[in-house]
Amino acid sequence: MVRKWVNKLLPAAGGGVNIPTIQKSIRLALKGCTNRPFFHINVHTKTDRMKQQPIEQLGSYDPMPNMFNEKLVSINYDRVKHWIADGGRTSRPAAELFGLAGFFPVHPRTYMTAWRRRKSLIKLYEQSLKAKETQPEEKEEKS
Amino acid sequence: MASLLRTSLNPRNVLRLGSNIEPQFSPATTPWTQTVRWRRDRKPMWLGPSKSKRYWVPPRPNQPLEEKVELRRLFTRYKTEVSALHDLIKENMKEVQEKQKQALQFQSKEEEEAEWVECMAINDDWNAESAALREQRIARELEAVEERALQLKLARDEEKRKLAAELNAKVRAEKERSKTYITPENIDEAIEQALNTVVDFNYSIDLRGNKYIGKRTKPESQNAKRISDSHEPIKREIAA
């Protein structure tokens with residue numbers, strides 16, 4: 001059962017068992033509570049579940065914009081380098097974050113989401129233009 | 001509402017705690033059972049799709065070919081870049097580790113020995129300093145102990161002297177009193193004296209305040225004595 005890891009109180013900042021033969025992965029672990037997501041950037045063994053104790057915490061990511069409209073990220077680059085040199089793989093969301101931070105090249109998915117959003121915005125804009133064009137005609141008909 | 005009730009009473013949705021009994025009663029009334037949301041399953045596989053969804057085909061994701069090509073191009077480039085970056089990081093870390101190792105190693109054995117001798121000299125100096133301090137401290141402590149012992153001795157002597165004086169005083173007083181003791185030698189005299197001198201502490205008073213000493217003395221006798229001689233208020237009363 002997944003639930004057995006939930007009720008254990010372990011330090012979230014690390015201390016998990018590092019078995020050298022198993023591959024490590026650098027990934028985001030969801031923390032926070034209902035309607036308030038928060039992520040830790042952690043090093044886990046590849047087979048670990050999200051709620052299991054990480055080997056080490058490398059940073060944090062707050063996806064909710066603060067009062068200055070910023071999403072805050074903290075990354076310990078020295079330790080990230082150490083774990084990459086140790087053979088650790090970065091997960092997709094973590095790699096995207098590193099790309100935005102300038103540590104990795106920018107992830108293709110970042111480009112993809114950007115152009116898709118741009119596309120949808122253009123679509124909305126065109127729709128609004130069309131609506132403006134049609135409105136005065138209706139008024140004329142009524143009068 | 002009825003469907004909700006049915007799902008909540010469904011034994012599959014009930015977590016049995018510490019009991020092997022099938023929850024044939026309502027889970028609200030039976031002990032050791034608890035309705036939990038996370039245990040709720042979907043519909044069983046063998047029921048198949050519902051009648052309304054039988055011929056419904058969900059829309060497939062429609063990715064334009066341009067996007068597909070572009071993403072492939074981006075991903076291949078990204079993967080090569082990242083793998084190169086990983087190699088670079090590994091090499092850098094190797095260099096760093098080597099530098100760390102070198103920093104920990106001594107250059108030669110002679111230098112190491114020289115440093116050892118130097119360290120030992122410094123250590124001896126420190127030991128001498130601390131030894132001097134220690135001796136001073138011990139001397140100070142010894143002095144304090146001696147002083148305290150002396151004070152204690154003086155206090156005890158004073159106490160002893162006081163006790164002796166007290167006892168002496170008691171003994172002297174007892175000796176004084178022993179002159180009037182009744183001993184086997186003078187017991188007959190004492191008995192005779194006691195028999196000869198009869199003391200009567202009884203007395204009576206009349207309305208005028210006259211005091212008659214003795215149990216059987218009569219008012220006419222000369223033994224009568226006016227109590228008012230020594231008692232002011234009664235005297236005043238009598239005058240009135």
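Coordinate-derived values only; no laboratory data. Being a predicted model, the structure only gives us computed values, none of them experimental. Because the Cβ atoms are built from the backbone with ideal geometry, glycine has one as well, and the counts that use them run over all protein chains shown.
Brief remarks follow.
- The stretch B:71-104: number of residues that are more than 8 Å from chain A (Cβ to nearest Cβ) and farther than 25 Å from A:Lys81 by Cβ: 2
- Residue that is farthest from A:Ala29 (Cα to Cα) [pool: residues in the stretch A:86-114 that are of a type in the set (Phe, Trp, Tyr) and at the interface with chain B (Cβ under 8 Å from one of its Cβ atoms)]: A:Tyr111
- Checking B:Ala144 against (1) surrounded by fewer than 10 Cβ atoms within 10 Å (Cβ to Cβ); (2) of a type in the set (Gly, Ala, Ser); (3) over 30 Å from A:Arg79 (Cβ atoms), the condition it does not meet: (1)
Yes/no per residue for (1) surrounded by fewer than 19 Cβ atoms within 10 Å (Cβ to Cβ); (2) over 28 Å from B:Glu67 (Cα atoms):
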residue	(1), (2)
A:Asp48	no, yes
A:Gln53	yes, yes
A:Asn76	yes, yes
A:Leu100	yes, no
A:Thr110	yes, no
A:Arg118	yes, no
A:Ser128	yes, no
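- Applying the condition of being part of a helix (DSSP H, G or I) and polar (S, T, N, Q) to the stretch B:147-204 and asking which residue is farthest from B:Lys218 (Cα to Cα) yields B:Gln151.
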